[in-house]
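Data first, discussion second: the structure below is written as structure tokens.
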Amino acid sequence: MRNRADARALIEQARRRGCNSLDEPTGKRLLACYGIRVPRFARVSKAQQVDSAIDGLVAPYVLKVVSPD
């Protein structure tokens, strides 16, 4: 995803959802659209997904919560 059309699509999706800002994973995808390097990341919604999500990532790891609250 490295073009302006994809970037516009991300922003439009956020606007349709009524968002005034982007969450971190979406922000990173937006930056990648413009060729800006971002750290690798994995997003999981259940604790059981962690082991498979970090496969291929290099420690140390950072844990962040992504929430609309």
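Across all directions, the average flat footprint of the convex hull enclosing the Cα atoms of the range 24-69 is 3.9 nm².
Relative to the longest principal axis of the Cα atoms of the chain, the long axis of helix 24-33 lies at roughly 60 degrees. For ASP23, the accessible area of its heavy atoms, probed at 1.4 Å with every protein chain present, is near 50 square angstrom.
Every helix of 4 or more DSSP H residues in the chain counts as -39500 (n - 2.57), and over all residues that averages to -11500 deg cm²/dmol at 222 nm. With each label modelled as a point 7 angstrom along the Cα→C-beta vector, the ALA9-ARG29 pair spans 0.9 nm. Residue-wise HN-Hα couplings along the range 37-43, as the Karplus relation 6.51 cos²θ - 1.76 cosθ + 1.60 with θ = phi - 60° gives them from phi, are 6, 10, x, 5, 8, 9, 10 Hz; Gly and Pro carry x.
Less than 17 Å from a label point 7 Å out along the Cα-to-Cβ axis of VAL58: which backbone N atoms in the range 36-51 qualify, by residue? Within reach of a label on VAL58, which here means backbone N under 17 Å from a point 7 Å along Cα→Cβ, the range 36-51 contributes 37-42. Taking all protein chains together and rolling a 1.4 Å probe, SER21 ends up with roughly 90 Å² accessible. With contacts taken as Cα pairs under 8 Å and at least 6 residues apart, the range 9-68 reaches a relative contact order of 24 percent.
The values are calculated or read from the model by the stated rules, or taken from the named source; none is laboratory data. Keep in mind it's a predicted model, so treat the numbers as computed, not measured. As a convention, Cβ positions derive from the backbone with ideal geometry for all residues, glycine included, and neighbour counts pool all protein chains shown. Accessible surface areas use protein heavy atoms only, side chains included; no ligands, DNA or RNA. Shrake-Rupley method; radii C 1.70, N 1.55, O 1.52, S 1.80 Å.
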